[in-house]
Structures are given as C-alpha cells and as structure tokens.
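Structure first, then comments.
The values are calculated or read from the model by the stated rules, or taken from the named source; none is laboratory data. Since the structure is predicted, the reported quantities are computational estimates derived from the model, not experimental observations. Positions of Cβ are generated from backbone atoms using ideal geometry, with glycine treated the same way; all protein chains shown enter the neighbour counts. To get the accessible areas, we keep the full protein, side chains included, count just its heavy atoms, and leave off ligands, DNA and RNA. Shrake-Rupley method; radii C 1.70, N 1.55, O 1.52, S 1.80 Å.
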Amino acid sequence: MTGRPPGAAVAGLASRIEAAATPGRRFVVGIAGSPGSGKTTLAVALVDHLNARRQGVAAHLPMDGFHLANDMLDRRGLRDRKGAIETFDGWGFVALLGRLRVETDHTIYAPSFRREVDEGIAGEIAIEPDVDIVVVEGNYLLVDRPPWAGVRSQLDAAWFCRTPEADREARLIDRHVRHGRTREAATTFAREVDGANALLVDASASRADLVVSGVTAEPGSVVPER
Ligand SMILES: Nc1ncnc2c1ncn2[C@@H]1O[C@H](COP(=O)(O)OP(=O)(O)O)[C@@H](O)[C@H]1O
Ligand SMILES: [Mg+2]
C-alpha cells in the first residue's frame, strides 16, 4: 500500500518523532486503530517520509505479520473469526517488541502478512541495526489485557488512528471484495467480525497519547479534540 504522497500532516508527525527521540536509542512509535481506519497507510507514508530524509532510518513493523496461520485457525476452530484478537500470536508479537531496543547490533527479522495469499510470511521484514525509528501498527496495540497490555510500555509514543464508522466500513467492504469475497459476504464480515473487533479497539483509544485522523485525503492530521 504505497503511492500516497507524504504531505504536511505526515511531516508534522515525523517532526514530533524527531523531537521526542533520544540519539543513540531506538524510538518505537505505535499506531493503533480499528480495522480499515488507515493505520497501514499512515505508517507507510510516515516511514517513506522519514527515509526520504535519511535513508534507512525508519522501518515499518505491522502487527498483522503475527496472524496465526490458516491451518492453525482451522485446528483451533477460529477461521471464521480471522482478525479477532485471539487469532494473533500476541505473545510472539510482544516478545519481538521487547527485542527491538535490546538487539541493536544485528538485524531483527519479522514476519509480514500477505493479503494476496491471506497468510503471514516469516522473515520478510528486516529491521537493520541502523534503524533508529520503528513504526509499529495494528488493531490491538492498546488493548489492556494479557499479553497485549505489555505493548504500551514498549512504545515511546502511542497514537490512535480514528476514522468515522461509515468510511471505515465502506473501505473494509471494498478491501474484502478486492481480495475475493462477494459484496454480500464482504458486508457481513465487515459488520459482524470486523465490527466486533472495532468495538474492542475503540475502547482502547484512551491509552493513546495522540489521536490522528485516518480520513483526510492525506493521512496523519492530528485530531484536535480529545
Ligand atoms: N487518510 C486516508 N484517506 C482516504 N483513504 C484512506 C486513508 N487511509 C487509508 N485509506 C484507505 O482505506 C483503506 C484501509 O486503509 P489501511 O491503511 O489498510 O487500514 P488499516 O491498516 O487500519 O486496516 C485502504 O483502501 C486505504 O487506501
Ligand atoms: Mg493494516
């Protein structure tokens, strides 16, 4: 998901990170938000912007790489709830976050998630030793229950990406259709499965220290009222 030119809002968020970061210590920013709110789009724009200023300074780390494999979801009877909090390897994700600040002398590999095949791919993301800023993003970063409750203390900054329900749902339906569902099936999934997940995510927004808009043509505007 690329191609959205970084503009003033993204530049503003990048400046916030630069102002808050301490030289010589890796800075980890987390972007939480409901499915379809625009987290990945914002994270990619931010990382592109930071890397345009200094190549290799920033890396994108999506929580989505920690989706359980489809086969595991089948074995656990969870396949029809894919995307729900219990369908991720939360402990593995929290452990990886813990490594980010400690293991700065070698590459840290992380799994990605490929929507085309609807599976995670091990070791597709490389966080090189000279990466100073890691932009982590995912639905459940701020949910206050184990193991997710262990995420917040590993973030130097926690943002919540907010998008009105109607826009979010429309985007999700389009995304499900693009990935092969009929419009009817996509609508049902977006309302029932994604909708239930969104309620849990929305309830975690108060643990963020900044709310950013996922709806402006250019992502990343700070939402003034909090
Ligand atoms: N700021 C924005 N303005 C308009 N459309 C957006 C914006 N951010 C994301 N989108 C669109 O919404 C959809 C979901 O965005 P995505 O970043 O994948 O959300 P998330 O990672 O939170 O699930 C995508 O189709 C994307 O192009
Ligand atoms: Mg995403």
With a 1.4 Å probe and every protein chain kept in, tell me what percent of the accessible surface of the chain is carbon plus sulfur.
-> 53 percent
Taking 0.36 nm per intervening residue step and subtracting the Cα-Cα distance, what contour gain separates residue 222 from residue 103 on full extension?
-> 39.6 nm
Over what distance in Å are the Cα centres of the stretch 2-67 and the stretch 153-189 separated?
-> 19 Å
DSSP bridge orientation in the stretch 9-213 - percent antiparallel, rounded to nearest 5 | 30 percent
Most mobile of 206, 34, 112 per a Gaussian network model of the chain (Cα springs, under 10 Å)?
-> 206
Qualifying trypsin sites (Lys or Arg not before Pro) for the stretch 68-120 [loop in DSSP, other Cβ within 10 Å: at most 13] = 115
Measure off 7 Å from each Cα along the Cα-to-Cβ vector at residue 53 and residue 22, then give the distance between these two points in nanometres to one decimal.
-> 2.0 nm
Computed lengthening from residue 145 to residue 165, 0.36 nm per intervening residue step minus Cα-Cα distance | 4.8 nm
In debye, nearest 20, what is the charge dipole magnitude of the chain about its Cα centre with +1 on Lys and Arg Cβ and -1 on Asp and Glu Cβ, if you could check?
-> 200 debye
Accessible area per residue, Å², the chain with all protein chains present, probe 1.4 Å = 47 Å²
